[in-house]
Each structure stands twice: as C-alpha cells, then as structure tokens.
1. How high is the relative contact order of the range 1-122, in percent, counting Cα pairs under 8 Å that sit 6 or more residues apart?
2. Mind listing the long-range amide H neighbours of Arg151? Cut-off is under 5 Å, sequence gap 5 or more, other chains count too, H placed in the peptide plane at 1.01 Å from N.
3. Could you list which residues have their amide H under 5 Å from that of Val3, counting only those 5 or more apart in sequence or on another chain, with H placed in the peptide plane?
4. Of the peptides 37-44, 147-154, 132-139, how do they stack up when ordered by the mean number of other Cβ atoms within 10 Å, highest first?
5. When ligands, DNA and RNA are left out and all protein chains stay put, how many square angstrom of accessible area per residue does the chain have with a 1.4 Å probe?
6. If amide H atoms are built 1.01 Å from N in the plane of the peptide, which residues on other chains or at least 5 residues away come under 5 Å of the amide H of His140?
7. What is the percent carbon and sulfur in the accessible area of the chain, measuring with a 1.4 Å probe over the protein chains and ignoring ligands?
8. Between Arg133 and Lys25, what is the FRET efficiency for a Förster distance of 22 Å, r being their Cβ-Cβ separation, to the nearest 0.05?
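The values are calculated or read from the model by the stated rules, or taken from the named source; none is laboratory data. What you see is a predicted model; the values in this text were computed from it and never measured. Here the Cβ is made from the backbone with ideal geometry for all residues, glycine too, and neighbour counts use every protein chain on show. Note: accessible area is taken over every heavy atom of the protein model, side chains too, but ligands, DNA and RNA are not part of it. Shrake-Rupley method; radii C 1.70, N 1.55, O 1.52, S 1.80 Å.
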Amino acid sequence: MPVYIVILGPPGAGKGTQSRKLAKKLKLAHISSGDLFRENLKNGTKLGKLADEYIRKGELVPDDVTIGMVSDRLSQKDTVNGAIFDGFPRTPAQAEALGKMLAEFGGEVNMAAYIRVPDEELIERLAGRLTCRENGHIFHRKYNPPKETGRCDYDGSDLYQREDDQAETVKRRIDVYHEQTRPLKEYYQKLGLLFEVNGEQSIEDVMVDLLEYLSVEK
Ligand code: AMP
C-alpha cells in the first residue's frame with residue numbers, strides 16, 4: 001500500500017527542508033507545489049506564467065490550477081510507494097481534492113505533520129533563506145549556511161533569494177496562511193491524523209520527532 005504524508009505549517013516553518021529529508025529516507029516522492037510552480041516558471045510554461053502573478057503578491061494560486069498540477073505529478077512513476085506533500089494542500093478544497101485523488105490510487109492521507117513556528121520567527125527565517133536555482137535545495141545564511149558561499153552543497157548551482165521571501169510579500173504570505181491554510185490543522189485533527197512538532201528546534205531534532213511519530217528507525 002502506498003503511504004501518503006502531508007506536511008503542514010506556515011511559510012518558513014521548515015516544510016521543504018524536512019520533506020526532502022523524509023522523502024529520501026522513506027523512499028517516497030517529494031511533491032512540493034511551490035517547486036512545481038517555480039519549475040514551470042523556469043521552463044516558461046503557461047502555467048508558470050499564470051502562477052507567477054499570484055506568487056509575486058504572496059497570494060495563493062487558484063485551486064483548480066493547483067489541483068490539476070498536483071494530480072498530474074501524482075501520476076508519475078516515482079510515486080509508486082507514496083509521497084510526501086509539501087505546501088499542498090493549502091485550502092480545504094485542495095484537501096478534499098487530495099483525498100479523492102489518492103482514493104483513485106487506492107490510498108488516503110495516512111499522516112499529517114504540523115510544524116509549529118511563531119510568526120515573529122518566520123520573518124527572520126525567510127529573510128535569510130537561500131534557495132538553489134537548479135533543484136530548490138534550501139539553506140539559511142545564518143542557521144544552515146552552505147559550505148561555499150552562494151553555491152548549493154548538493155548540486156553546485158547558484159543560491160538566490162526568492163523574490164517572494166522579501167519582507168513585504170512575506171507578511172502577506174503569513175496572513176494568507178492564517179486565513180486560508182491554518183484551518184487544515186483542524187481538518188486533519190478531526191480525522192485523527194494530526195501530529196504537532198515543535199519547529200523551533202534544530203533541523204536534526206525536528207527530523208527526530210517526525211521519524212518518531214512515523215515510527216521509523218532514526
Ligand atoms: P512555497 O514554495 O510552498 O512557499 O510556495 C510559494 C508560492 O507558491 C505560494 O506563496 C503560493 O503563491 C504558491 N503556492 C504553492 N503551493 C500552493 C498551493 N497548494 N495552493 C496555492 N498556491 C500555492
């Protein structure tokens with residue numbers, strides 16, 4: 001049976017960092033809607049251009065577009081064992097759609113991990129975040145610096161600051177999170193699937209908590 005895990009939390013909570021590590025460890029596909037949008041934008045697709053209009057403002061891309069993109073991604077071969085969802089779902093409509101999509105593959109959301117970080121800390125984290133141009137690997141100037149300045153440890157590509165990680169957009173993204181995405185915490189709580197992790201720990205310690213919850217050997 002495939003395993004499907006949702007990682008929830010505000011922007012800058014560490015969803016991307018933890019999801020990548022978890023996916024590698026558990027041999028699951030890593031599905032990040034934000035990465036998929038940025039990849040589309042890099043490749044100059046129509047979807048990428050449309051998404052960019054919303055991303056620049058810190059708003060959510062419309063549900064139908066986002067759901068369609070994730071549904072296509074789920075039909076790729078690397079999802080046979082399951083997937084970790086990073087940044088998706090972000091609205092109740094997306095959560096409902098995800099449930100339906102997974103049912104088609106004979107599965108369901110098995111777990112939802114919520115990474116908790118207070119708003120004040122998110123702003124500092126996002127302001128110092130560096131993202132790798134080629135594959136979206138994530139670093140932080142202070143808390144998780146690359147070995148060589150400006151270069152990704154994993155693939156050697158350039159590191160850059162995402163335009164939407166700048167202060168003005170970050171504030172909007174956090175508000176949008178509270179308005180539209182935060183209700184998903186209760187959604188998965190009601191389904192008995194929610195696990196809350198303290199995101200104010202080191203990257204390694206957050207990982208330890210997640211693995212413990214997932215009952216996986218560390
Ligand atoms: P992220 O990389 O997860 O921080 O996402 C960057 C931006 O992409 C968000 O601020 C949204 O504009 C857009 N985005 C990513 N995932 C979603 C989603 N599930 N639904 C709507 N918009 C999304």
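1. The normalised contact order for the range 1-122 reaches 49 percent.
2. Under 5 Å from the amide H of Arg151: Leu159.
3. The answer is Gly82, Ala83.
4. 132-139, 37-44, 147-154
5. Heavy-atom accessible area per residue stands at 51 Å².
6. It is Leu130, by chain and number.
7. Of the solvent-accessible surface of the chain, carbon and sulfur hold 49 percent.
8. Efficiency for this residue pair is about 0.30.
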